[in-house]
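In what follows, a single structure is set out as structure tokens and then discussed.
The values are calculated or read from the model by the stated rules, or taken from the named source; none is laboratory data. Keep in mind the model is a prediction, meaning the values are calculated, not measured. We place every Cβ from the backbone using ideal geometry, glycine too, and count neighbours over all the protein chains shown. With ligands, DNA and RNA removed, areas are computed over all heavy atoms of the protein, side chains included. Shrake-Rupley method; radii C 1.70, N 1.55, O 1.52, S 1.80 Å.
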Amino acid sequence: MNMKIEINLKEKKKVALVGTPNVGKSVIFGVLTGTYVTVSNYPGTTVEVEQGVSRFDRHQDVVIDCPGVNSLVPQSEDERVTRDILFTERPDVVVHVIDAKNIRRNLVITLQLIEMGFPLTLALNMHDEAVQAGVHIDGRKLQGALGVAATATVAVEREGMPLLMQNIRAPLTSRLRIDYGERIEAAIAKIDALLPELPVSKRFAAVALLMDDRTVRPLLLKAGAGEAALHRIDGIVSAAQSHFGKPLSYVISQRKQSVSDGIVAAAVTDRCVQRSPARERIGRMTTSRVWGLPILFAVLAVMYLFVGVIGAGWCVDFLQNTVFGGWVMPWCTRFVLACVPWPFAQDMLVGTYAGAPADHVGYGLISMGVVYAVAIVLPIVTFFFLFFGLLEDSGYLPRLAVMSNKVFKKVGLHGKAVLPMVLGLGCGTMAVMTTRILDTRRERILATLLLALGVPCSAQLGVILAMLGAISGWALLFVLGVVFLQIVIVGYVGARILPGKTSDFVLEIPPMRVPAMYNIAIKTLSRVKWFLTEAVPLFLIATFVLFVIDRIGVLARIQGLLRPAVVHVLGLPERATEAFLIGFFRRDYGAAGLYALQRAGELSHQQVVVSMTVMTLFVPCLAMLLVMIKEHGWKRALTIVGFVFPFAIFVGGVMNFMLRYLGLHF
Amino acid sequence: MDAKKTEEILEFILRKTDQGDVRIDGLLERKEPPITLEALREMEHDGLIEMKGGMVSLLKPGRDIATRILRCHRLAERLFDVLDMSHDHREEAACHFEHLIPLEASEAICTLLGHPTECQHGKPIPPGECCKRAQREVQSIVLGLADLRAGERGKIVYMTTKQHQRMDKLTSFGFFPGVEVKVHQTSPAYVVQIGNTDIAMDREVLLNIFVRKIG
């Protein structure tokens with residue numbers, strides 16, 4: 001018995017998937033493990049590293065999906081994460097997923113992986129697109145040159161996957177060694193002698209050090225390298241550098257590229273076929289000076305119709321009024337009142353109890369928590385994620401980055417920031433995590449600040465659209481205009497206060513693709529699942545906390561404290577205080593509270609405009625705050641919140657007085 | 001004293017001037033080649049330099065010669081780089097080269113290289129007459145990638161490597177000398193095709209890439 005278990009453990013391997021962004025790594029991961037993660041056209045969507053257990057054989061290997069990289073000498077946090085995984089996790093097999101039509105560029109990473117000394121196998125993915133583009137790869141010659149197996153795959157259609165799985169079971173360690181020339185080789189040998197045993201080859205570490213990769217140092221220190229040794233290595237590096245006019249990183253990269261070019265020349269024929277002309281033309285139109293903006297506005301209009309009108313309007317109406325209002329709630333209330341004998345528990349569940357006074361407002365877990373979460377927020381989030389999936393898989397998102405680059409430059413960011421920002425329209429928490437695709441800490445902080453300040457999440461946006469849409473289009477434009485203006489002002493000032501420079505905008509634009517509905521459906525499902533498991537419990541906790549502090553009388557006291565600000569500064573009814581309070585637990589939840597107030601006829605049009613603006617600018621929700629702390633630390637996160645909170649009230653106050661003073665109506 | 005030696009000393013003084021004041025005793029300490037007080041006196045007599053209060057400064061005629069020589073030196077380095085000459089001999093060869101090329105030839109080389117503004121060590125190359133003319137009218141054979149119009153293609157001749165991070169980013173996308181690129185659009189951002197990939201980027205990044213136009 002014991003023997004058997006030991007053998008099993010021994011056979012259990014760690015498989016790491018590595019590749020550039022957009023090569024379909026996540027799809028391959030899904031096929032290997034059966035757990036689908038988000039697949040997308042935009043660099044960096046799988047920032048969180050996914051792990052799964054393989055299902056293709058009985059060994060139950062651990063499969064790790066690393067973030068996309070353009071180089072293993074990292075320039076962004078994503079690339080660093082991948083390099084660190086390879087360094088510390090010591091995978092038994094690395095699967096390098098290659099974009100077959102871009103094999104020339106991808107092979108440089110293959111050479112880096114070989115240099116690291118891992119047992120390796122290649123997946124030449126999106127083989128169909130390569131064939132279309134006239135790129136033919138001679139597998140045998142490629143394998144001969146590299147010394148590892150290469151499998152042609154079309155992962156979305158499961159093509160080539162069985163063979164890839166076989167190759168994963170029998171990976172090869174290449175003997176290929178790039179000769180960097182006498183001087184560099186001598187330096188490598190010297191550095192080699194000073195390095196301790198490493199999880200990857202010393203040669204790789206030596207080359208990274210010669211390339212002035214500062215990020216590799218902490219790993220070396222952890223592996224037992226002494227400060228003194230590193231200092232001596234610095235000397236060796238600068239002595240080596242003095243022989244070359246160009247930076248060593250350039251010389252080394254160029255050498256790798258020329259080796260890769262040699263392999264490509266031998267194994268690949270590129271007939272330079274015109275890529276599908278119609279698709280290409282559409283792709284180019286989306287970023288052109290003439291058509292770019294009209295297309296952008298059309299996309300936004302469709303998004304408004306889809307998420308705002310259909311999702312937030314029809315679906316919410318139907319679920320809230322017909323399903324919950326007409327059927328679920330009356331039934332639930334009757335059931336609870338009949339079966340649960342204690343008034344306290346009755347109130348906790350359905351917000352009312354036998355013999356409650358007529359004006360009693362309860363915070364029932366079902367009547368408030370479940371209704372808000374399922375009837376109001378869920379449909380909106382689902383519609384948003386569906387649309388976002390379409391944007392991702394069609395390849396439009398990076399094009400949006402091109403179109404918005406100039407605007408983002410004004411606030412110290414660049415086009416790449418469009419991903420967290422648009423994702424922030426879905427869920428701010430997810431968005432803060434995605435700020436990691438940005439290259440510098442300064443950009444990540446700026447993006448987080450703007451997300452916390454002004455980007456409403458889908459549920460909140462849905463409620464905003466519904467509430468303001470009920471008044472007039474002007475009211476909606478007014479609020480969005482004010483919020484946008486605040487983002488620009490704060491971003492502009494922030495970009496000047498925070499030290500450092502904005503990094504260069506260099507972004508790959510994948511071809512436009514017709515999205516596969518199946519993939520979008522699966523992706524939306526997994527995101528909705530994330531929302532249900534992550535957000536809904538917070539809804540319920542928030543409701544419960546509210547219920548408790550209401551019962552022990554603390555709610556009244558906090559409301560008393562906030563009342564002057566809400567009533568006098570913002571000019572809102574007292575009941576709105578509680579919406580803002582809940583808003584801290586989930587912003588969308590707070591917005592939904594305001595929505596309920598409006599529907600009950602307790603808010604004037606002016607008040608709706610003011611409250612929506614404040615709610616949008618207001619504090620991030622609890623989940624987002626937690627992620628902010630995790631990503632940026634207590635100090636920065638609290639500084640951001642400490643700024644955003646008074647700022648929102650201030651802007652709301654100014655707005656309130658202006659509207660009243662000018663007598664503006666909507 | 002021969003012209004070559006005078007030129008050497010003037011160039012040396014110019015390089016030092018860029019770093020701050022030049023002291024006479026500092027100059028006299030130089031070993032390779034040695035500078036003597038007599039040589040400096042002779043140059044002062046010729047109206048090339050001025051010595052005052054232990055300091056040396058270049059006068060206009062001296063500065064002109066020094067600038068020309070420095071320009072030729074750095075142009076030569078750039079040229080050897082494009083020719084991919086071995087690194088060990090570059091500096092030495094450039095030192096010979098600078099004194100040999102006539103003005104006309106240096107302008108031809110400068111034009112051929114696309115009027116580069118810095119040598120591959122990132123030091124500025126003083127502009128010559130040809131550079132000023134080129135800015136006005138002539139289109140040089142090698143141009144900045146940012147100067148290509150939408151739809152035009154070019155082959156990368158060289159890249160300036162002053163900013164390591166930017167360079168590493170470009171090389172990781174496959175930008176290297178010898179590679180063909182095509183500019184698809186220039187606004188709102190540049191979109192450049194390299195191989196089968198389209199890459200969007202800012203104009204500033206493209207300023208580091210120099211190409212020879214094709215077709």
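Using a probe radius of 1.4 angstrom, the carbon and sulfur fraction of the accessible surface of the protein assembly as shown is 61%. Heavy atoms of the protein chains alone define the surface here; on that basis the protein assembly as shown has 43 Å² accessible area per residue at 1.4 Å probe size. Relative contact order of the stretch A:524-632, please, whole-number percent, based on alpha carbon pairs below 8 angstrom and at least 6 residues apart. Dividing the mean separation by the residue count of the stretch A:524-632 yields 23 percent. Take A:Arg399: with every protein chain present and a 1.4 Å probe, its accessible area is about 10 Å². When +1 charges are put on Lys and Arg Cβ atoms and -1 charges on Asp and Glu Cβ atoms, the dipole computed for the protein assembly as shown relative to its Cα centre reaches about 1240 debye. Between the amide H of A:Val135 and those of A:Arg271, distances stay under 5 Å, these residues lying 5 or more places away or on another chain, with hydrogens modeled in the peptide plane.
In terms of accessible area, using a 1.4 Å probe and ignoring ligands and nucleic acids, A:Leu476, A:Leu300 rank largest first as A:Leu300, A:Leu476. With a simple spin-label model that places each label point 7 Å from the Cα along the Cα-to-Cβ direction, the separation between B:Leu28 and A:Trp291 comes to 7.6 nm.
Shape of the stretch B:142-214 from the C-alpha gyration tensor: rounded (a/c under 1.5, with a ≥ b ≥ c the square roots of its eigenvalues). The listed residues A:Glu157, B:Glu7, B:Glu180 rank as A:Glu157, B:Glu180, B:Glu7 when sorted by accessible area, largest first, using a 1.4 Å probe.
When DSSP beta bridges are limited to those with both residues in chain A, what percentage is antiparallel, rounded to the nearest 5? Here the antiparallel bridges make up roughly 30 percent for chain A. Expressed as an acute angle from 0 to 90° and rounded to the nearest 10, what is the orientation of the C-alpha long axis of helix A:605-617 relative to the principal long axis of chain A? Here the helix axis deviates by roughly 30 degrees. Relative contact order of chain A: 11 percent, from C-alpha pairs under 8 Å at least 6 residues apart in sequence. Over all pairs of different C-alpha atoms, the stretch A:237-396 has a mean inverse distance whose reciprocal, the Kirkwood radius, equals 22.3 Å.
Here, P(r) means the percent of Cα pairs in each 10 Å bin from 0 to the largest distance; for the stretch A:621-661 it is 28, 36, 21, 14, 1. Taking Cα atoms only, the orientation of helix A:248-267 departs from the longest principal axis of chain A by about 80 degrees. Can you give the FRET efficiency to the nearest 0.05 for A:Val488 and A:Val654, using r as the Cβ-Cβ distance and R₀ = 22 Å? The pair A:Val488/A:Val654 has a calculated efficiency of 0.85.
Computed on protein heavy atoms with a 1.4 Å probe, the accessible areas place A:Phe657, A:Phe618 in the order A:Phe657, A:Phe618, largest first.
Near the amide H of A:Ser174, within less than 5 Å, lie the amide hydrogens of A:Leu120, all on another chain or at least 5 residues away, with H placed in the peptide plane.
Across peptide A:250-260, the mean count of Cβ atoms from other chains lying within 10 Å of each residue's own Cβ comes to 3. Which distance in nm do the two modelled labels at B:Gln193 and A:Leu172 give, with both placed 7 Å along the Cα-to-Cβ direction? Computed distance between label sites B:Gln193 and A:Leu172 equals 3.4 nm. Chain B packed on chain A takes about 3700 Å² of accessible surface away from a 1.4 Å probe, both sides summed. In sequence order, the stretch B:208-215 has phi-based couplings of 8, 10, 10, 10, 9, 5, 10, x Hz under the Karplus curve 6.51 cos²θ - 1.76 cosθ + 1.60, θ = phi - 60°, and Gly or Pro positions carry x.
Taking only the Cα atoms of chain A, the ratio Rg/Rh comes out at 1.02, with Rh defined as the Kirkwood radius. Calculated mean residue ellipticity at 222 nm for chain A: -19000 deg cm²/dmol, from DSSP H runs with n ≥ 4 weighted as -39500 (n - 2.57), summed, divided by the residue count and rounded to 500.
Highest mobility in the GNM of chain B, judged by mean-square fluctuation with C-alpha springs under 10 Å and restricted to B:Asp64, B:Asp88, B:Asp147, is found for B:Asp88. Measuring only protein heavy atoms, the 1.4 Å probe finds B:Lys155 accessible over about 90 Å². Stokes-Einstein diffusion coefficient for the stretch A:548-590 at 20 °C in a medium of 1.002 mPa s, Rh from the Kirkwood formula over Cα pairs: what value in µm²/s? Here the translational diffusion coefficient equals 205 µm²/s. In this simple spin-label model, placing a label point 7 Å from the Cα along the Cα-to-Cβ direction at both A:Ala228 and A:Phe643 gives a separation of 4.6 nm.
Can you run the Rg to Rh ratio on the stretch B:63-215? Use alpha carbon positions and the Kirkwood inverse-distance Rh.
Result for the stretch B:63-215 is an Rg/Rh of 0.99.
The HN-Hα couplings worked out from phi for the stretch A:183-193 by the Karplus form 6.51 cos²θ - 1.76 cosθ + 1.60 (θ = phi - 60°) are 5, 5, 4, 5, 5, 4, 4, 5, 5, 3, 5 Hz, whole numbers, x standing for Gly and Pro. Between the stretch A:622-666 and the stretch B:44-104, the C-alpha centres lie 61 angstrom from each other.
Quick note on the stretch B:1-140: its Rg to Rh ratio, both from C-alpha atoms and Rh being the Kirkwood radius, is 1.00. Take every Cα pair under 8 Å in chain B that's 6+ residues apart, average their separations, divide by the length, and report that relative contact order as a whole percent. After rounding, I find 15 percent.
Helix A:227-241 and the long axis of chain A differ in direction by around 70°, with both axes built from C-alpha atoms. Give the shape of the stretch A:182-270 as rounded, prolate or oblate, defined through the alpha-carbon gyration tensor: a ≥ b ≥ c are the square roots of its eigenvalues, a/c under 1.5 means rounded, and otherwise the shape is prolate if a/b is larger than b/c and oblate if not. It comes out prolate by the Cα gyration axes. The heavy atoms of A:Arg441 offer some 140 square angstrom of accessible surface to a 1.4 angstrom probe.
Using the Kirkwood radius over C-alpha pairs as Rh, can you work out the diffusion coefficient of the stretch A:501-629 via Stokes-Einstein at 20 °C, viscosity 1.002 mPa s, in µm² per second?
Once the numbers are plugged in, D ends up at 123 µm²/s.
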